[in-house]
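Trainee: Mind having a look at this structure? Questions to follow.
The values are calculated or read from the model by the stated rules, or taken from the named source; none is laboratory data. Source: prediction; values computed, not measured. Neighbour counts run over all protein chains shown; Cβ positions are idealised from the backbone, glycine included. For the accessible areas, the whole protein counts, side chains as well, though only heavy atoms, and no ligand, DNA or RNA atoms are used. Shrake-Rupley method; radii C 1.70, N 1.55, O 1.52, S 1.80 Å.
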Amino acid sequence: MPFGEQPAYLRVAGDLRQKIVDGVLAPHTRLPSQARIREEYGVSDTVALEARKVLMAEGLVEGRSGSGTYVREQSVPRRIARGGFHQRGCTPFRQEQTDERVRGTWESNSEQEPAGSVVAARLRIPVGARVMRTRYVFRAEGEPSMLSTSWEPLEITGRTPVMLPEEGPLAGRGVVERMAAIDVVVDNVVEEVGARPGLAEEAMALGGVPGHAVLVISRTYFAGGRPVETADVIALAARHRVAYHLPVK
């Protein structure tokens, strides 16, 4: 089987990966032992070990104490639908997941804090200016689906009925409607999608593995060119796909 100039451990990992994808090695099947890999592929123990490490890092297999290494069951990716901002009646969950077929709930916690350099740059405020930080855990069909952290400048919302996003007369109504209540008209939203290794606390909250890739949707709402809210929405990359619905003008 030609593998070009690939290092031996990648050659072995690639072949085992294909067997997993093709179902030859089914979910919950024990991965061939290090000795079996060494014999089957004609490689050293070191190469066999490194190949197994690659598959584990990719989330395709998992080690079970005292039992061996097994093929993990791969979940069908969920779709995170994005469709711009909503004018009225938009809950925090619906703000992040516009697919009306998906039912979800959320938990949140808000605290004041000084803006760090990254948040300050995104909100175009001085470093150290006070912001309201709100952390969310979103659940779809009862399962953890997304995390979100949002920041709003208190020079806009401070001492108003909407200072706390999840409390008061417009609790849970979304950024657009809350801002409109204090005569701030949101007219634009910008999103950037990226990926990075997941932090341990993110993996724990989402039921994933630390270090595996997460999708990060960085979103900022604008009113007349001024940022009024910015947020990072996080989901496990292996379990989600982001779908955008963009109107044709």
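Trainee: Given the conditions (1) part of a strand (DSSP E or B); (2) touching a Pro at 6+ places or on another chain (Cβ under 7 Å); (3) open to solvent by 50 Å² or more (accessible area, probe 1.4 Å); (4) modelled with pLDDT of 90 or more, which single one is not true for TRP106?
Mentor: (4)
Trainee: Tell me yes or no: at least one residue of the range 203-216 is touching a residue at least 60 places away in the same chain (Cβ under 8 Å) and over 14 Å from the mean Cα position of the chain (by Cα).
Mentor: No, the conditions are met nowhere in the range 203-216.
Trainee: Conditions: (1) under 21 Å from ALA243 (Cβ atoms); (2) open to solvent by 40 Å² or more (accessible area, probe 1.4 Å); (3) among the basic types (Lys, Arg). ARG173 meets all but one. Number of the miss?
Mentor: (1)
Results for (1) open to solvent by less than 40 Å² (accessible area, probe 1.4 Å); (2) modelled with pLDDT under 85; (3) on the phi < 0 side of the Ramachandran plot; (4) of a type outside the set (Val, Ile, Thr), shown as yes or no for each residue.
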{"residue": "LEU10", "(1), (2), (3), (4)": "no, no, yes, yes"}
{"residue": "LEU25", "(1), (2), (3), (4)": "yes, no, yes, yes"}
{"residue": "GLN74", "(1), (2), (3), (4)": "no, yes, yes, yes"}
{"residue": "ALA81", "(1), (2), (3), (4)": "yes, yes, yes, yes"}
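Trainee: Also, I was wondering about something else. Could you tell me which numbered condition ALA120 fails, if it satisfies all but one of (1) in contact (Cβ under 8 Å) with a residue 12 or more places away in the chain; (2) within 18 Å of ALA231 (Cα to Cα); (3) surrounded by 13 or more Cβ atoms within 10 Å (Cβ to Cβ); (4) not basic (Lys, Arg)?
Mentor: (1)
Trainee: Looking for something modelled with pLDDT of 85 or more, touching a helix residue (DSSP H, G or I) at 6+ places or on another chain (Cβ under 7 Å) and β-branched (Val, Ile, Thr) - is there at least one such residue anywhere in the range 236-244?
Mentor: no
Trainee: All but one of (1) touching a residue at least 40 places away in the same chain (Cβ under 8 Å); (2) open to solvent by 30 Å² or more (accessible area, probe 1.4 Å); (3) part of a strand (DSSP E or B); (4) of a type outside the set (S, T, N, Q) hold for GLU113; state the number of the condition that does not hold.
Mentor: For GLU113, the failing item is (1).
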